[in-house]
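Here's the structure we're looking at; comments come further down.
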Amino acid sequence: MHLSEILTHLGENRQDYFNAVSPPVIQTSNFTFDSLENFRQQFSDEFSHHVYSRGNNPTVEILRKKIAALEGAEDALVFGSGMAAISTAVIANVKAGDHIICVDSPYSWTKILLNDFLPRFGVEHSYVDGRDIQHFEAAIRPNTTLMVLESPNSLTFELQDLAACAKLAKKHGIITCIDNSYCSPLFQRPLDFGIDIAMHTGTKYLNGHSDVVMGVLCANREMIRKIFELDYMTLGPVLSPHAAALAIRGLRTLELRLQRSHDSAMKITHWLHKHPKIEQVLYPFHPSFLQHELAKKQMKGAGGLFSVYLRAASKIKAETFFRRLERFLLAVSWGGHESLVLPSVAFHDIPGREDSPIPWNLVRFYIGLEDPDWLIEDLENALAVI
Ligand SMILES: *Cc1c(COP(=O)(O)O)cnc(C)c1O
């Protein structure tokens with residue numbers, strides 16, 4: 001299906017709501033049945049009917065259809081956060097005694113899910129450097145049931161060879177899931193490489209306006225039905241109809257926003273790479289990136305997120321850079337309209353806490369929708385004070 005069809009029309013049965021161009025927010029908790037027979041029949045298959053908004057809701061369904069089509073998946077579920085989506089996908093595919101193989105630097109809360117949450121239920125894990133398929137192979141145990149991938153990750157951007165991972169996992173009957181947030185479905189479609197479940201924080205590119213926290217899962221219908229009927233309905237991690245309507249609005253411009261962020265980040269990373277105060281640029285689509293060839297092979301673009309190592313003599317010197325920046329907001333998250341900076345030095349020297357293992361001179365930037373030259377001007381001024 002054409003991307004324009006997905007973003008502009010798919011799932012929107014306008015004749016069902018007065019031919020309104022924009023879908024209504026169906027703000028209801030429950031749905032009524034017109035007969036006892038229908039009640040009995042529809043209640044027995046909540047996955048396929050409107051019963052209660054912890055399950056299905058028509059506004060949320062429009063979003064699900066668009067997201068599934070974007071990933072080339074049969075179906076999708078949407079959640080109240082990216083972590084709800086990731087945790088649900090993982091929990092749905094393990095039981096006590098199982099073993100998970102995960103890439104060694106996943107999103108921070110994914111790591112907490114594996115390190116601190118799942119061991120309470122007897123689920124163990126190994127971390128592997130996912131840049132080499134042999135590391136996955138060596139980590140497989142008889143009780144390995146799930147591989148958790150994240151390619152690229154959102155700080156230092158290590159990749160996995162998705163086709164190789166899917167092939168290896170299939171051979172051993174292991175389910176594969178991937179956090180595909182960095183690329184969005186426009187720049188990478190893991191299911192096309194044989195991965196079973198694509199997961200996203202929708203908080204970042206999919207909604208794209210820094211005003212909704214949400215998550216999504218995409219997979220075949222059998223997997224989605226399985227997750228819906230037990231894990232989703234039990235844990236109750238729903239997205240509200242209001243948030244779904246905002247996300248549908250955000251999706252209208254996904255293609256435009258992502259391309260703009262990508263083009264600007266390409267320009268800005270090339271500029272930074274040549275700057276004497278920058279030690280190294282980490283961006284999968286920059287030729288200096290170690291896995292640049294693999295990135296080109298399995299991704300169509302890299303979007304607006306990259307990191308650099310500052311060349312600064314001391315933490316104090318590095319801090320002057322952040323004080324001088326005026327056009328980047330100091331904040332976590334990414335994928336919205338606004339450009340952001342995330343200084344690792346903020347996770348150092350916190351009283352009563354161990355310093356983060358991430359070097360203090362690593363800085364993550366997210367490039368939003370502003371004019372890249374206007375952002376470069378700001379970077380130039382701030383780099384000059386280091
Ligand atoms: C933000 C983020 C998440 C978590 O998503 P939430 O919507 O904040 O729960 C997961 N993975 C990546 C790569 C992220 O950037």
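Observations on the structure shown:
- Of everything in region 81-116 that is among the aliphatic types (A, V, I, L, M) and away from the ligand (no atom under 16 Å from the Cβ), the residue that is surrounded by the fewest Cβ atoms within 10 Å (Cβ to Cβ) is 96.
- Look at region 101-128: where a residue is in the same structural domain as residue 176 (by TED's automatic domain parsing) and a partner is among the polar types (S, T, N, Q) and part of a helix (DSSP H, G or I), sitting 6+ places away or on another chain with Cβ atoms under 6 Å, you get 113/87.
- Selection status of residue 327, more than 22 Å from residue 188 (Cα to Cα) and either assigned to a loop (DSSP other than H, G, I, E, B) or under 25 Å from the mean Cα position of the chain (by Cα) (or both): yes
- Only listed residue being surrounded by 15 or more Cβ atoms within 10 Å (Cβ to Cβ), of a type outside the set (Gly, Ala, Ser) and under 15 Å from residue 204 (Cα atoms), chosen from 286, 262: 262
- Residues located in region 290-305, provided they are open to solvent by less than 20 Å² (accessible area, probe 1.4 Å) and either of a type in the set (S, T, N, Q) or within 21 Å of residue 162 (Cα to Cα) (or both): 295, 298, 299, 301, 302, 303, 305
- Answer residue from region 138-187, given it is within 22 Å of residue 251 (Cα to Cα) and of a type in the set (Phe, Trp, Tyr) and is nearest to the chain's Cα centre (by Cα) among those: 182
- Residue within region 11-31 that is assigned to a helix (DSSP H, G or I), open to solvent by less than 40 Å² (accessible area, probe 1.4 Å) and not hydrophobic (A, V, I, L, M, F, W, C) present: yes
- So residue 308, is it under 26 Å from residue 186 (Cα atoms) and without any contact (Cβ under 8 Å) to a residue 24 or more places away in the chain: no
- If the condition is being of a type in the set (Ser, Thr, Tyr), touching a Lys or Arg at 6+ places or on another chain (Cβ under 9 Å) and within 14 Å of the ligand (Cβ to nearest atom), then region 130-155 contributes only 154.
- In region 170-182, of all residues being buried (at least 23 other Cβ atoms within 10 Å of the Cβ) and more than 10 Å from the ligand (Cβ to nearest atom), the one that is farthest from residue 141 (Cα to Cα) corresponds to 178.
- Looking across region 313-345, the residues that are open to solvent by 20 Å² or more (accessible area, probe 1.4 Å), more than 15 Å from the ligand (Cβ to nearest atom) and small (Gly, Ala, Ser) come down to 313, 314.
- Scanning region 345-368 for residues that are in contact with a strand residue (DSSP E or B) (Cβ under 9 Å, 6 or more places away or on another chain) and either modelled with pLDDT of 95 or more or assigned to a loop (DSSP other than H, G, I, E, B) (or both) yields 359, 360, 361, 362, 363, 364, 365, 366, 367, 368.
- Cβ-Cβ under 6 Å pairs, at least 6 apart or on other chains, region 332-358 side more than 14 Å from residue 204 (Cβ to Cβ), far side more than 16 Å from the ligand (Cβ to nearest atom) and of a type in the set (Lys, Arg): 345/315
The values are calculated or read from the model by the stated rules, or taken from the named source; none is laboratory data. All values derive from a computational prediction rather than experimental measurement. Cβ coordinates were reconstructed from backbone atoms using ideal geometry, including for glycine residues, and neighbour counts include every protein chain displayed. Keep in mind that these areas ignore ligands, DNA and RNA; they rest on the heavy atoms of the full protein, side chains included. Shrake-Rupley method; radii C 1.70, N 1.55, O 1.52, S 1.80 Å.
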